[in-house]
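The values are calculated or read from the model by the stated rules, or taken from the named source; none is laboratory data. In this text the structure is predicted, and so the values were computed from the model without any measurement. A quick note on method: Cβ atoms are made from the backbone with ideal geometry, for glycine too, and the neighbour counts reach across all protein chains shown.
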Amino acid sequence: MATKDPLIGRKARINEDATTLKGGKPHPQAGQQGEIIGKTPGGRQYQIQCGDTIATLPMSDFTVPDADAIEHTAPGGSTLALTALVRSKTNRQIVEDEALLEMAATMKIYGVLQPLLVRRLPAARLQDTFIDEETRHATHEIIAGERRFVAARIAGLREVPVLMKDADNTAAVVMQLIENLHRENLNPLDEAHGIQLLVDDFELTRDAVADALKRSRTHVIESLRLLNICPEATAALKSGALNRSVALLVAQRPTPALQTEFTKKVLTGGPDGGPLSYRSAKDLAQRQYMTDLTHAPFALDNAQLLPKVGACTQCPKRTGANPELWDKAGADVCTDTACFADKKEAHYDALKAEAQAKGRKIITGREARELMPTEGATPKGYILLDKPKKGDTEPMRQVLGQEVPQGKVVLIETPTGGVVEAVPVRAAGEALQAKGAASKAARKTAEPTKEGLQADYQSRWRRAAITQIIESLQNDTPDEVELPAEVAYHYILAEAREADEALARLIFDLPEQFTDAELERAARQCAESSPRAQLLTLIMLAATVDVEPRFQRPPDEAKLLDAAAKLAHIDTSYHKATAQDAMKEEAAERAAEAQPDAPADKAKPTLKPKGKGKTVDGTGKASQADVMAGIAQAMQQADTPNNFTEGQTVKLKSDVKGPSGGVIRCKDHIATIVRASGRKWVVTLPDPWPFPGKEPEPIELTVDYTELEAADADPTQGGV
């Protein structure tokens, strides 16, 4: 909220030399006195009431006789006329804004309260100041205080107090920077440009600049990095949308493309589409734009992996290459995630080639997707070498060390096209036993440490106790058994983390967007409840496993769901009938849309009377025959918008999601229609990812009719 202008309401006398705004003629009210009653919207002109006339004049054309001017001069009473001063070429640009006009109005009453810092005009500026008519009589250059100088000129002052300094060019720039650093609204880019001036034009070292400005060397280096951020971040930093700390996170991204992408996410990823906080922006950078090099599957000193890039150990984009700009206690991290992904892909390609040359097993295609249906899944029956085993923190490759059975290492293709190294569970167990035996033998020949003895003690009693527990429960089961809270918590939490999010919210009464900590607390509460509550929770979680048809199982199989429904006395046929009714209505609507000229009643199938669980015969249950007939009718109605038939040869117009949710790259491949599925068709085609050296086996995909087009090609071909 703007403050009241201090000039309004005061007496004013129009200067004798005042002129009109147009033409520059002597002002009709020159020499007259009046009262300042307001100012123009722009803020530069004031309205002075002189009798019946209102004169509009700038501050420089009138004086305030009753001004409370304070006598303020520099030591020795030094003052200089404004015409004797010239602005510095190295200082920041002054923008005439509302704050500057308010400063000028205050100066009109109280004068300039703080002296300007000046030096004698350097010889290098004699020529340019003489050429300019406005600065021809200049004798001194302003080091600091240019904003006060401009405001004094607007206010119409003739002279200002000054403080003389004997300073060369370098000292003058340092003084300007120091003065600017004390301003609250200093833009980080202004500081960065000043530092760059000292480094480039005056050839000061970064250490010398840091010493002169009383800043750390890291602060100086970080400021210089701000000058190289992408244009989007530069504009946001100038406008204040980005602060210095977040802008430095942008500077840490090593390429313009990554900087631009990161800046857009930071500026729009916060509440209500606004900017992220520093903490959130840092978390985003660490999660999506930084990769811990200790987890790299390739050798960091391998310069031949991507010859154009070179080795990671020599890369300047690695945090270890610039430790003073990064957390020295943190891990060595790659900041170019795109380059890391390229190296990872090149490494996997090399592994594939090496494996094929050595005759090692490579699992791809359908077999790979059956073992590993999702990208983050652990292949069934295998242990990934570069992923920690459940309960461990180190990858299995490091745990096994030299005991990795190289002859049993296999490559498994992931759903996204990469490969992972794995060993069978049994082979890993044998390797761990061999490593344990070797470690035990080594310990026998060496003096055991306190830590080693403690670890050995813990391992012995735990293994012996677990063995006895197993034998006891197998041979002498107690009559009454209650699931211990910690055991219940372990399995409830494990299943809850795998459950469908919406269903987990329903089971545990969680908020719309719950955190992992909230899920843990809910699982703990259930685990510490009665045995009945523990059991019911586990049964509910088991039912959620069948929320979708399971991979490569019959589509109508839902064993866990059926078992839980039986226990809960739920008749699933009612829900099947309800789904059938909804499908029939949707099919009728689609049929009506496809035939807009046909009577609406002809497009609608005969529906069962609605009502919870009620059917035509009033028994409350739908017979299996009714359910299947209704579903068949819905499928038939859904098929009306297209003219495809079973056995027809079609071409896929786009890639399609597979049973596991991953995208199957099958665009432009030829397929054969097997059967209808609602508005979709089940088609069969040769596996686009066949095992190397083998003929592709047929696979089934469910495809929307809009993604198909008729084709006359041979369906045995893999593509067109």
Margin query: Six or more apart or on different chains, Cβ atoms under 6 Å: show the pairs whose first residue is in segment 540-559 and acidic (Asp, Glu) and whose second is modelled with pLDDT of 70 or more and part of a loop (DSSP other than H, G, I, E, B).
Written below: 546/558
Checklist line | Subset of segment 140-155 (residues that are outside any helix (DSSP H, G or I) and surrounded by fewer than 20 Cβ atoms within 10 Å (Cβ to Cβ)) | finding: 140
Notebook entry, point to check: Can you name the residue in segment 199-253 that is touching a Pro at 6+ places or on another chain (Cβ under 9 Å) and among the small types (Gly, Ala, Ser) and, of all such residues, is nearest to residue 273 (Cα to Cα)?
Noted result: 241
Next item on the list: Please enumerate the residues belonging to segment 512-555 that are acidic (Asp, Glu) and buried (at least 17 other Cβ atoms within 10 Å of the Cβ).
Entry: 546
Next item on the list: Please find, among 427, 377, 357, the residue that is small (Gly, Ala, Ser) and either at pLDDT 80 or above or surrounded by fewer than 13 Cβ atoms within 10 Å (Cβ to Cβ) (or both).
Entry: 357
Checklist line | Residue that is modelled with the highest pLDDT [pool: residues in segment 323-341 that are part of a loop (DSSP other than H, G, I, E, B) and exposed (fewer than 15 other Cβ atoms within 10 Å of the Cβ)] | finding: 331
Notebook entry, point to check: Looking at (1) touching a helix residue (DSSP H, G or I) at 6+ places or on another chain (Cβ under 8 Å); (2) not in a loop (DSSP other than H, G, I, E, B), which is the only condition residue 510 fails?
Noted result: (2)
Margin query: Checking residue 85 against (1) surrounded by fewer than 20 Cβ atoms within 10 Å (Cβ to Cβ); (2) over 30 Å from residue 41 (Cα atoms): exactly one of these is not met. Which one?
Written below: (1)
Next item on the list: Inspect segment 243-257 for any residue being at pLDDT 90 or above, under 16 Å from the mean Cα position of the chain (by Cα), surrounded by fewer than 17 Cβ atoms within 10 Å (Cβ to Cβ) and of a type in the set (D, E, K, R) and give the result as yes or no.
Entry: no
Next item on the list: Residue by residue through segment 556-580, note down the ones that are touching a Gly at 6+ places or on another chain (Cβ under 8 Å) and buried (at least 18 other Cβ atoms within 10 Å of the Cβ).
Entry: 577, 580
Next item on the list: Return a yes/no flag: does segment 82-96 have any residue that is part of a helix (DSSP H, G or I) and at pLDDT below 85.
Entry: no
Check: For residue 21, which of the numbered conditions (1) surrounded by 14 or more Cβ atoms within 10 Å (Cβ to Cβ); (2) within 60 Å of the chain's Cα centre (by Cα) fails to hold?
Finding: (1)
Notebook entry, point to check: Does segment 364-374 contain at least one residue that is in contact with a helix residue (DSSP H, G or I) (Cβ under 6 Å, 6 or more places away or on another chain), surrounded by 18 or more Cβ atoms within 10 Å (Cβ to Cβ) and either in a helix (DSSP H, G or I) or at pLDDT 75 or above (or both)?
Noted result: no
Note to self: For segment 163-236, give me every one of the helices (runs of 4 or more DSSP H) that falls completely inside it and has 2 or more residues that are in contact with a Lys or Arg (Cβ under 8 Å, 6 or more places away or on another chain), within 30 Å of residue 115 (Cα to Cα) and modelled with pLDDT of 85 or more.
What the structure shows: 188-200
Notebook entry, point to check: Which of the residues spanning segment 216-231 are over 23 Å from residue 89 (Cβ atoms) and surrounded by fewer than 19 Cβ atoms within 10 Å (Cβ to Cβ)?
Noted result: 216, 217, 218, 219, 221, 225, 228, 231
Check: Being closer than 22 Å to residue 395 by Cβ, of a type in the set (S, T, N, Q) and free of Cβ contacts under 8 Å to residues at least 24 places away in the same chain, is that true of even one residue in segment 333-348?
Finding: no
